[in-house]
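Structure, as structure tokens:
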């Protein structure tokens, strides 16, 4: 009954110059030889059979997904002709799964996150499936915060709602946007707040019933898409879908009727180059290298330059990324602003670097 939906439509501009329009973040090999989307799919097995995995991606990336995820059949890889955020993706996936399995529970999972404790993740997924089935409510994973991080949204826990497979579940009181430093410290200190992982587990029929109340047109269009057959239905109807996220479209109206499960399975959303320092072992001075690098009187640097040696002399807190046609050098603290580089390249019509 458990289906996995890999949401792989993002552009990942914060990983420029490695991430490009033709090769977004989910198709990068940032940790090891496999891409993030391959790692996301592989960690599902054996809990989720390959026949119950759906991938929603950009239309022009379907060929790449087929090449990477060879166990999936063509119907399991759905191409979006235009981006419409995560709510239409979830509704369409629920429609596809429900037509094949009336008892389907779907796990909506970003395709570009890192999870190091994969066995714990699968146990949590199984527990969330059981809870979603018994309650009919959506379940979201909340990451136990390791610090008062300002780069994540937060989930505020309410009263305890039950326990499954060794995991506790709580009513979700409220979603909070990325906080300022002082507020993040209060959240962290209280013990009642979790990082929002962006992962949801929900019975497909319950998701569609909830969506009919707030996005009835999207539900109607999803039915037309599957009736027309993929990919013809996508080409004809998908652009008419609203452009809105799951959080705003489906979760906000369900306040008080959402469950959250506090977990610690070695999660990172890999949101920027800076995150490599959080999840990858460095040297005694906190330097992290992807490729060969020599650090002299240097600390807290990140280097990604395969095929070359990079020497950092007297440098602190800097990022160096080398690709065949572009080199990025900036303070690590500025990596969240890399999107500005992409915007500037577009403004200057330097499309060959996008």
Gaussian network model of the chain, springs between alpha carbon atoms under 10 Å - residue of 103, 129, 76 with greatest fluctuation: 103
By average C-beta atoms within 10 angstrom, highest first, the peptides 22-29, 112-119: 22-29, 112-119
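Report the full-extension gain for the segment residue 33 to residue 351: residue separation times 0.36 nm, less the Cα-Cα distance, to one decimal in nm. Walk me through the numbers on the way to the answer.
On the way: separation 318, 0.36 × 318 = 114.48 nm, distance 2.81 nm.
Full extension of this stretch gives 111.7 nm more.
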Principal-axis tilt of helix 181-190 within the chain, Cα atoms, nearest 10 degrees: 60
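If I stretch the segment between residue 248 and residue 144 completely, what's the gain in nm (0.36 nm per residue apart, minus their alpha carbon distance), one decimal?
Values: separation 104, 0.36 × 104 = 37.44 nm, distance 2.26 nm.
My answer for the length gained is 35.2 nm.
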Sequence-separation-based contact order of the chain, relative, with Cα cut under 8 Å and 6+ spacing, percent: 19
Max mean-square fluctuation residue, GNM over the chain, Cα-Cα springs under 10 Å, options 124, 218, 227: 227
Near-label residues of the stretch 75-97 by backbone N, under 14 Å of a point 7 Å along Cα→Cβ of residue 232: none
Gaussian network model of the chain, springs between alpha carbon atoms under 10 Å - residue of 19, 343, 245 with greatest fluctuation: 343
On Cα atoms only, tilt of 338-347 relative to the major axis of the chain in degrees: 90
Label-point gap, in nm, between residue 326 and residue 313 - each point 7 angstrom along Cα→Cβ: 2.9
Theoretical FRET efficiency, 1/(1+(r/R0)^6), r = Cβ-Cβ of residue 340 and residue 190, R0 51 Å, to 0.05: 0.90
Centroid-to-centroid separation of the stretch 97-175 and the stretch 188-247 [C-alpha atoms, Å]: 17
Angle between the chain longest axis and helix 204-214 axis [Cα atoms, degrees, rounded to 10]: 90
Efficiency of FRET between residue 165 and residue 100 - r from beta-carbon atoms, R0 30 angstrom, step 0.05: 0.70
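Computed from the coordinates by the stated procedures, all read-outs in this text should not be read as laboratory data. Keep in mind the model is a prediction, meaning the values are calculated, not measured. Here the Cβ is made from the backbone with ideal geometry for all residues, glycine too, and neighbour counts use every protein chain on show.
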